[in-house]
1. Ranked highest first by average number of other Cβ atoms within 10 Å, how do A:210-216, B:76-82 line up?
2. Can you work out the FRET efficiency for the pair A:Glu4 and A:Asp103, with r the C-beta to C-beta distance and R0 = 56 Å, to the nearest 0.05?
3. Over all residues in B:42-54, what is the mean tally of Cβ atoms on other chains that come within 10 Å of each residue's Cβ?
4. Between the stretch A:111-159 and the stretch A:204-247, what is the C-alpha centre distance in whole Å?
5. Tell me the angle of helix A:18-29 to the major Cα principal axis of chain A, expressed in degrees between 0 and 90 and rounded to the nearest ten.
6. State log₁₀ I(q)/I(0) for the protein assembly as shown at q = 0.07, 0.12 Å⁻¹ as given by the Debye formula over alpha-carbon point scatterers of equal weight, solvent excluded.
7. Checking the table B:Lys4/B:Lys58; A:Lys64/A:Lys129; B:Lys58/B:Lys78; A:Lys157/A:Lys214; A:Lys131/A:Lys157 against a 22 Å threshold on Cα-Cα, which pairs fail?
8. Suppose every K and R has +1 on its Cβ and every D and E has -1 on its Cβ; what is the size of the dipole of the stretch A:88-247 about the Cα centre, in Debye to the nearest 20?
Amino acid sequence: MQLEFAGRRALIFGGTCDLAICLAELMMGSAIFPVLTYRDDEGRKLIRESLGPEDGRYQTAFLKKGERASLERLFAGDAANIDYFVDFAQGDYERFVAAADEDEVDSYFSENTAFRAEVLKMAARSMLKRKKGRLVFVSSSAAARANKGQGFYAAAKLASEQLYKSIGIELGPRGITTVSLRPGYVDCGRGSRFLHDRGDEPLKKVPFGRALDKLEVAKTVMFLLSDAARGINATEILMDGGMTQVK
Amino acid sequence: MNPKNNNTLERVRVMLGEMLDLDGKEITAETYLIRDLGAESIDLLELAVAINQGFSIKVQDDQVFLWRLRFYMLDAAKNNADVQSYLAGKYPFLDPGRIAEIVADHDSGPVLKVKDIISYINYQGSAAAN
């Protein structure tokens, strides 16, 4: 089955992670122009080293979490007419709730929830002009079942999922739909480090028997962006190999 | 109404015509958006986006659509403040006469009129030009 895409331009928020770069490659192969956000020179360099020179197949754009000026510049320029928005951006703060630093907690939610709401407002308004748009949030199975120390990460993911769900409910009548994907263990980036530190133990809880690889997650995101998946709106989809369904 | 307001009214009228099922209803500066035209929250959001794009001005939805009007009126009463002065501080694009109308009218339903949108656009446009 060949996936079809009505849109041609995508903004990838958190464009420097392995999954985002893998997704950008798939997009370019499907005639979708990805704009990948980065927050520092190192991130931009990483994107360019992975995707090659910015020669008209993709673009990078500066966006720093919590920095409203960079957000306004982005949506006044490179992201003014996006059809798709894919969100990988997520900071980590692993602490027991009873051990967390108050200022860190405040800063974490400000960057990972409140600022995300600002980004979503801009993205949704941009799409509303043309009455079409699709937003995919790459959440985590931690939103359904968090390990010890993941309380803040899970809380930010759950809060963000609700923002996406609300957009799908509120703007669905205007052609703008949303979905959140909850991958389980993925063997890339932060997930690789976690699995490396803990050995095979976490995977014993996964009926699927292994971690996901980045390509299968990116392909699933592509399906969720496709015209065929538009009916999947204002909801969350688990992609964890069955992990959260067992005792 | 001065020529600048007439032009703004015409453009807003076109925007509303594209968004709402007007069913032959005429739009004047005195038309209530919610009471007369049946505009819903999503219609007003769409109007905000159209105004932002069409007039190149920043639109604060809470302010232009008077979403917090009742809260402000309660706040003024709670603080023993003069309601009209309080609202003038919150809605600098509305003239004193319009604010007096709003205070007198608010018990009858949503007070937002097309002329309030026009005032906001002109006010924001002037602010941007300065």
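1. Going by the mean number of other Cβ atoms within 10 Å, highest first, we get A:210-216, B:76-82.
2. Working from the Cβ atoms, E equals 0.70.
3. Values: counts 6, 1, 0, 6, 6, 0, 2, 7, 2, 0, 2, 5, 0.
Other-chain Cβ atoms within 10 Å of each residue's Cβ, averaged: 3.
4. Cα centres, the stretch A:111-159 to the stretch A:204-247: 17 Å.
5. Long axis of A:18-29 versus the principal axis of chain A: about 30 degrees.
6. With one equal scatterer per Cα and no solvent, log10 I(q)/I(0) is -0.40, -0.99.
7. The pairs that break the limit, which is 22 Å between Cα atoms, are A:Lys64/A:Lys129; B:Lys58/B:Lys78; A:Lys131/A:Lys157.
8. Result for the stretch A:88-247 is approximately 920 debye, rounded to the nearest 20.
Laboratory data are not the source of any read-out in this text; all were calculated from the coordinates shown. Values in this document were obtained by computation on a predicted structure and should not be read as measured data. Positions of Cβ are backbone-derived with ideal geometry, glycine not excepted, and every protein chain shown enters the neighbour counts.
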